[in-house]
Structures are given as C-alpha cells and as structure tokens.
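Asks: Dumping the structure here so I can ask a few things about it.
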Amino acid sequence: MRRLVQRLARGLFRWLFRVELRGWEHYPYDEPRLLIIANHVSYLDGALLAAFLPDMPIFVINTRVAGHWWVKPFIAITRHISIDPTNSHYLKTLIQYLKAGERVAVFPEGRISVTGALMKIYEGPALAADKADAALLPVYIEGAEYSLLSRLGGVVRRRPFPRIRLTLLPPRRLSATGHGRVRRQQLGRQLDEWMTELAYAGMNSDQPLTLAMLDVWQRHGGRRVILEDAQGQQLGWRALFVRAFILAELLEVDCAGQRNVGLLLPNTAAAVIGLLALHLRGKTPVVLNFTVGAQELTSACHIAEVRTVCTSRAFVAAANLDAPVAALGEQVRVLFLEDLRPRATLAVRLRGLARALTPRWSFRRGAGPVQADDPAVILFTSGSEREPKGVVLSHRNLLANIAQARAALDITARDVILNALPMFHAFGLTTATLTPLLLGTRVILYPSPLHYHVIPELSYERRATVLFGTNTFLMGYGHQADPYDFFSVRLVVMGAESLREETGRLWMEKFGIRISEGYGLTEASPVLATNTRRHHRSGTVGKLLPGLEYYLEPVEGIADGGLLCVRGANIMAGYLLPGQAGRLVPPRTSRGLGWHDTGDIVRVDADGFVTILGRAKRFAKLGGEMISLAMVERLAADCWPADQHAALNLPDPIRGENIVLLTTHVDADRRDLVTTAHREGLGELYIPRRVLMVREIPLLGSGKPDYPGARRLAESLTGVREAAKADVV
C-alpha cells in the first residue's frame, strides 16, 4: 500500500512541481545504517522525501507538529517517530532505530526556515549518527520555499506550484577525535559545515549568469523593484531586461566583432544594464577603474584587448575625468551612452520589449552558445602592491561565489541592500550587487563610498537592512552618522582591508551593530571567508566558504600559520598579464592547475576560523624573525585609533631592512608606540624604527591603502632627520 501511495505521490509531484532530481546516483542502497539529513523550507519537505527517496525512511517528526490535523493524514501513511526535541531521551530512540538498520530522515534545523536561508543546526542528529555508526546522506530541497506551504509569506513571492529541485550529495561519515563535550562540539561542527556545503551545492552554477537572472525573475516576478540608484531610476526584472535588450541592439554596430568591451561607469542602474546588455550579445564586460590615471586605463585596455569603452558624458564631467578619458580616446574608441539615445527609435524600443517577452530564446539567439566556463567579466587587481593584472572570471566563478555567499549569509528577498562600493572592485560587483540581485533582494546603488554624510542619511531614508563596506568607509560613516541613521540595518559585511578594533567598537557602541569581517580576493570572485551571524569570532575573518579546498604552504619564520592556497569553483579562470595581451594564464601552484596562491599568510584554528597574519610580501625580516607589517599597523591603530597608518619595510645598509611607519596622527611620538607595544606584549622588533607624520595616507578607489604610493612617499622622506619625535611633513 505504501509503495503504491509513494508512486502516486511521485507522479503527482512531478506533474505539479516539475521536480528535478540531481545526484540521485549517489543513493547508497547497500548502506546498512543511514541517517538522511535535509534542509527544512516548507511543510512539503517530508512528503517530497517520502515520494522520491528509493527506500521509504522513518521520519522524525516534532510531537507538536504531529498534532496538527492537516499533518495527521500524511503521517498515517508514513513510518515516523514522534519526538519532543526538548527531551534529551529522544536521541536514545533515534539511535535504537539506526542500530536496528532502519533508514531515518531528520531535519537538523528543527524548524521550517523563516528566512529562506539555513537556520540554527542542532547537534542531536550528529550525535545519533556517531553513536549508531551510521552514514549521513545530505539532501537539499530548493524551490519548495516559494510554495504556499512555506513560512516565507511576505518575504518571497509564493505561488501554488513552483519548480522544485532535490539535490543529493554522496553519503559521508562523521569523525571526531575528542571525548565528552569536545567530541560533541566536533560532531556538531561537522554537521553544521555539511549543511552549509549542502546549501551551496543546491544552487545551479552550471549556466550563464543571464539565465540565472532569468530564473530569479521567474521566481520573484518582473514588476517588483529590485534595482534603484541615486538618479531615481527604479527597475524591476522586466524593465531591466527591456532596457538591456535595447542597449544591446544599439551597441551591436559599434562593438561588432569585438569580444571584450570596456565599461567606465559609476554605481548606477546604467552600469548593471550595460553589463547585462553585453552578455545578451555574448560579449565580455571589462569593468575599468575610473580612479586611476590615463596610463593605467590605457594599459588595462591593452591587456584585455579592448577596442571600445562605454561611458557617460555626465559621469565624466561630474568626476573630472575629461583629461584621462581624452587620453584614453587616443588609443581606443570612447562611446558615450548619451550619444546612443537618438538611435533608440520607437522600432528599437518595441523590439526590446518584444525580446523581453521571450528573454531566454532572445538571449540564446543574440549571444549564441554561452557556456558556464566562458568569461563573464574581466576585472583588474587593486594594484595595492604591484602593477594591476587582468582577472578573468567565468560565469561559473561568479555563480559559485554567489551560491557560497547565499549558504553562509542569511540575506533574504525582504532585505534592502545599500551598495556604494565601486563595481570595478569584485567586492562591489559580485558580493554587493550581483549576489543580492540573484537572491531577489532590492539593491540601492550609490556612486561614491566617500560621501560620509550622505550614505548614513540614505540608509535612514531607504531603510537599508544590509550594508557592505571597507574599514575606511565604515569608520567614516560611523563618525558622521546620527546614532539612529542605521536603525534598520541588521547586517554589516566588511572586507578589502582589516577591521580595526576602534571601528568595530564604534559601530557596536553607537549603533548596536556587530560588523561581520570577511576576506577575499579578486581572483576568488571575491569572497573566500566571512564571519556571519551564525558563526562569528572577533579578530578573525570567519570560516572559509563551502566548496573550497585549501592548504597552508610552510613559511620560514612563521610557526603557527602558512601561505594560504585555495581551489574551488569560484577561483578565476586565469590572469591577463602586462606584456602578454590576450593570453590567459590559469592559476597554478606546486600542487597543480586550479590551485591559487593567495599571497596571504594565515592561521586556521581548530574550529575553522581564519586569522590573517599578513601579506607574504608585507613581512619584514628582522633579527632572523618574520615581522608582520599588518601587526605593526594594528599596533599603531591601538595607539592612535582615530588616525590612519601604513607600515613599510625599507632597505637599510646595516640592518638589511627597517620598518617605517607613516601616520596621520598629529604630534605622533615613537615613545607612545613603545608604551603600547609593552602593554600588549609585543617585542621591540614590532616598533617602527622611524615614524613619519603625513597629511594623508595614499588610498586606492576601493579604500585599500595604496602601498606603492605610500612607499614612494616614505622613500622621499627617508632623508628627514630621525628623532624620537615623529617628523612632520
């Protein structure tokens, strides 16, 4: 009888919800003891597992839920255990069934998600599997959260029969070396990590970015506003695609036969439209950094083989870019978007509207056969330490990093994202723009992160709930904002530079907000690790995202860390290097292709939290010891928290090299650093040999310190008389 009901339910689900199965070949028919774990997004979840799993498992059902009248018909035809999770004896029952050879299904979250993301993971299932020596079979349910039987009313657009995908990962076993409480913690941590990995694996990254956007349009609707900017534009998915199709046709003549096309635009809706328009014609956007000079812009275009750059006259005038753009125009064609408007005739607009009615077909017809591993965007490294390199990120790279962020961060469609980070930086493009868009979240774009008075007011006015920034920018907002400006903000994610203790303390005391520090690289699309509301440890950059492998290369003089090398679907396709225009150089380390040397020396603790010790190139070797320049900067920040600092190692004819500190602190005195170092237990080697006061520390457009610029400044001052008192410039 149960088998008949199972087959009928399977057919009904396939018909109503168009259920797609992925990874079902991993099902372990010969596993004697099996605990099936799944995320919990709706009241449909149990029925879906019962219908599609080859063997009917015993379901663990909360006693309170089992009492509902509408649940009783389901449990009447399934095998189930009714438990009270507040009673510790339920684990004994679960272990008994597993030891008896039964296949048991459980939802480790213990409740249906009310955010759409993973919620708290209980360690009980991990303990039961360990005691019973059972294998875990992870199953990810995606799509059921958009059904009427989810608990996301008001969060997402729910409908009767959304498309559902069930992803099954290979079975695995828990392992722990400790005893008692330590063992429990180890098992619980493994289960939590596997559930996060499961959430990552459940998102489809094997497709072009445009098709992923169309999936989000289908799920959330085309009219709801998902993108707005400081110019007052408010666009839903339908309007975004209509404008992108129109622009794609207008660019066709000017960019015919060109593979890579430059974009020189600020954070506006036009930048997103331009990015999408190029994808609709199968071209790769090269997002250029407008804060650098003409020489750097020309070099970037040469490296990426760009012949046409799209920009805006209004933007060029407002940003005082006339001279750089004029110089750029001598090497490539500069196309102003305003000049295309007269060509946007009624016929062109109607064709754009018609194409948006059948966007998938129109995309395939206009772009051709686009694959997930084809280039999606070309960015350039920040150049904070060396000449910028082109970084080619594929569609898979971007979608994988978005999936990783979705698995780690609880950003929902109800959130409002305020993004002032430039899109020429991977943090601003992928993390702060594309990730929320592909989660169905509203994104507000603002053209400059340096407007410290405006952004807090904008957050207050638009009721922003999520904010992205760097330490420099967040410190600026924190000092200028009214304590109530960020009343609606619940999540602040920081990257690109180290979080200073003073910044974190300011935001906690003034706004009651704990900053989540993360870590990433342009080459990683960009996020590699982040603190979250579920897992947070101050002083670290959080845990590595799911789907990443890593190893630490030993470094002489570093006992408790190593050079971080990573591999994963989000790691770039390769570099475009100066002097090697058009030649893609894929990532590689001593372990082979696909591995990327981050250049960062890190420590990973027993719980998986990553601490950045410093850039490999930002260590000084003094007295046979490796001294982190980042640690010297933190020492200066602890001593003079309201100012900016940059530590550099400069050659010395006697000692080999010395540490020099640039600081904006007025009347900086080296003796203050000595006192602070002694208080914090740091040795004499961490105290800079010279302290030079400057009016400002050179910064890049991303907010990172410009170390080549700082080095040139320090070298120009090395003739200044050394004294205990800092020299003033």
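Asks: Could you say whether any residue in the range 272-289 is on the phi > 0 side of the Ramachandran plot and more than 31 Å from the chain's Cα centre (by Cα)?
Replies: Checked the range 272-289: no residue is on the phi > 0 side of the Ramachandran plot and more than 31 Å from the chain's Cα centre (by Cα).
Asks: Out of Arg514, Arg414, Arg505, which single residue is charged (D, E, K, R), surrounded by fewer than 19 Cβ atoms within 10 Å (Cβ to Cβ) and free of Cβ contacts under 8 Å to residues at least 12 places away in the same chain?
Replies: Only one candidate passes the filter, namely Arg505.
Asks: Note down all Cβ pairs under 6 Å where the first residue falls in the range 90-110 and is surrounded by 19 or more Cβ atoms within 10 Å (Cβ to Cβ), the second is among the acidic types (Asp, Glu), and they're at least six residues apart or on different chains.
Replies: Arg103/Asp55
Asks: Here's a follow-up. Looking at this structure, is Thr522 of a type in the set (Val, Ile, Thr), touching a Gly at 6+ places or on another chain (Cβ under 8 Å) and either more than 28 Å from Phe380 (Cβ to Cβ) or buried (at least 16 other Cβ atoms within 10 Å of the Cβ) (or both)?
Replies: When the stated conditions are applied, Thr522 does not pass them.
Asks: Go through the range 572-592 and count every residue that is touching a helix residue (DSSP H, G or I) at 6+ places or on another chain (Cβ under 6 Å) and surrounded by 19 or more Cβ atoms within 10 Å (Cβ to Cβ).
Replies: Counting residues in the range 572-592 that are touching a helix residue (DSSP H, G or I) at 6+ places or on another chain (Cβ under 6 Å) and surrounded by 19 or more Cβ atoms within 10 Å (Cβ to Cβ) gives 2.
Asks: Right, here's the next one. When the range 460-474 is examined, which residues are found to be more than 24 Å from Val541 (Cβ to Cβ) and in contact (Cβ under 8 Å) with a residue 12 or more places away in the chain?
Replies: Tyr460, Arg462, Arg463
Asks: Tell me which strands (runs of 3 or more DSSP E) are completely within the range 103-201 and hold 1 or more residues being touching an Asp or Glu at 6+ places or on another chain (Cβ under 6 Å) and over 20 Å from Gly46 (Cβ atoms), or say none if there are none.
Replies: Of the strands (runs of 3 or more DSSP E) lying wholly inside the range 103-201, those with at least 1 residues that are touching an Asp or Glu at 6+ places or on another chain (Cβ under 6 Å) and over 20 Å from Gly46 (Cβ atoms) span 135-142.
Asks: Sticking with this one: Only residues that are farther than 17 Å from Thr268 by Cα and either assigned to a helix (DSSP H, G or I) or in contact with a His (Cβ under 8 Å, 6 or more places away or on another chain) (or both): list them for the range 309-337, please.
Replies: Asp322, Ala323, Pro324, Val325, Ala326, Ala327, Leu328, Gly329, Gln331 - these are the residues of the range 309-337 that are farther than 17 Å from Thr268 by Cα and either assigned to a helix (DSSP H, G or I) or in contact with a His (Cβ under 8 Å, 6 or more places away or on another chain) (or both).
Asks: In the range 281-302, what residues are surrounded by fewer than 24 Cβ atoms within 10 Å (Cβ to Cβ) and of a type in the set (A, V, I, L, M)?
Replies: Hits for the range 281-302 are Val292, Ala294.
Asks: Among Tyr140, Tyr146, which is out of contact with any Pro (no Cβ under 9 Å at 6 or more places or on another chain), buried (at least 22 other Cβ atoms within 10 Å of the Cβ) and not small (Gly, Ala, Ser)?
Replies: Within the list Tyr140, Tyr146, the selection yields Tyr140.
Asks: Out of the helices (runs of 4 or more DSSP H) lying entirely within the range 407-503, which hold 1 or more residues that are within 25 Å of Val155 (Cα to Cα) and among the polar types (S, T, N, Q)?
Replies: Of the helices (runs of 4 or more DSSP H) lying wholly inside the range 407-503, those with at least 1 residues that are within 25 Å of Val155 (Cα to Cα) and among the polar types (S, T, N, Q) span 435-438, 454-462.
Asks: Could you please find all residues in the range 153-165 being in contact with a helix residue (DSSP H, G or I) (Cβ under 6 Å, 6 or more places away or on another chain) and either closer than 21 Å to Ala201 by Cα or surrounded by 22 or more Cβ atoms within 10 Å (Cβ to Cβ) (or both)?
Replies: Pro162, Ile164
Asks: Additional query: Could you count how many residues in the range 533-561 are surrounded by fewer than 16 Cβ atoms within 10 Å (Cβ to Cβ), touching a Gly at 6+ places or on another chain (Cβ under 6 Å) and of a type in the set (A, V, I, L, M)?
Replies: Result for the range 533-561: 2.
Asks: Then there's this: So which of Ala248, Ala199 is in contact with a helix residue (DSSP H, G or I) (Cβ under 6 Å, 6 or more places away or on another chain), over 30 Å from Tyr29 (Cα atoms), in contact (Cβ under 8 Å) with a residue 60 or more places away in the chain and crowded, with 20+ Cβ neighbours inside 10 Å?
Replies: Ala248
Asks: Looking only at the range 338-383, how many residues end up being within 31 Å of the chain's Cα centre (by Cα), among the hydroxyl-bearing types (Ser, Thr, Tyr), surrounded by fewer than 22 Cβ atoms within 10 Å (Cβ to Cβ) and not in a helix (DSSP H, G or I)?
Replies: Matching residues across the range 338-383 total 2.
Asks: Additional query: Inside the range 303-337, can you point out the residues that are of a type outside the set (Val, Ile, Thr), under 29 Å from the mean Cα position of the chain (by Cα) and under 27 Å from Ala573 (Cα atoms)?
Replies: Matches in the range 303-337: Ala304, Glu305, Cys310.
Asks: Here is a further query. Are any of the residues in the range 44-54 more than 23 Å from Ser150 (Cβ to Cβ) and either hydrophobic (A, V, I, L, M, F, W, C) or buried (at least 21 other Cβ atoms within 10 Å of the Cβ) (or both)?
Replies: no
Results for (1) over 38 Å from the mean Cα position of the chain (by Cα); (2) at pLDDT 80 or above; (3) of a type in the set (Phe, Trp, Tyr); (4) part of a loop (DSSP other than H, G, I, E, B), shown as yes or no for each residue.
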| site | (1), (2), (3), (4) |
| --- | --- |
| Ala50 | no, yes, no, no |
| Trp69 | yes, no, yes, yes |
| Pro73 | yes, no, no, no |
| His80 | yes, no, no, no |
| Asn87 | yes, no, no, yes |
| Lys92 | yes, yes, no, no |
| Tyr97 | yes, yes, yes, no |
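Asks: Can you pull out every residue in the range 1-48 that is part of a helix (DSSP H, G or I), hydrophobic (A, V, I, L, M, F, W, C) and farther than 28 Å from Ala407 by Cα?
Replies: Those that are part of a helix (DSSP H, G or I), hydrophobic (A, V, I, L, M, F, W, C) and farther than 28 Å from Ala407 by Cα: Leu4, Val5, Leu8, Ala9, Leu12, Trp15.
Asks: Under 6 Å between Cβ atoms, which residue pairs at least 6 apart in sequence (or on different chains) link something in the range 296-316 that is in the same structural domain as Gly274 (by TED's automatic domain parsing) and among the acidic types (Asp, Glu) with a partner that is surrounded by fewer than 21 Cβ atoms within 10 Å (Cβ to Cβ) and not in a helix (DSSP H, G or I)?
Replies: Listed pairs, sorted by first residue: Glu305/Ala581; Glu305/Gly582.
Asks: Here's a follow-up. What do you reckon, is Gly274 small (Gly, Ala, Ser), assigned to a strand (DSSP E or B) and closer than 20 Å to His425 by Cα?
Replies: Criteria not met by Gly274.
The values are calculated or read from the model by the stated rules, or taken from the named source; none is laboratory data. From a predicted model like this one, the values you see are computed outputs, not experimental measurements. In this analysis, Cβ positions are derived from the backbone assuming ideal geometry, glycine residues included, and neighbour counts consider all displayed protein chains.
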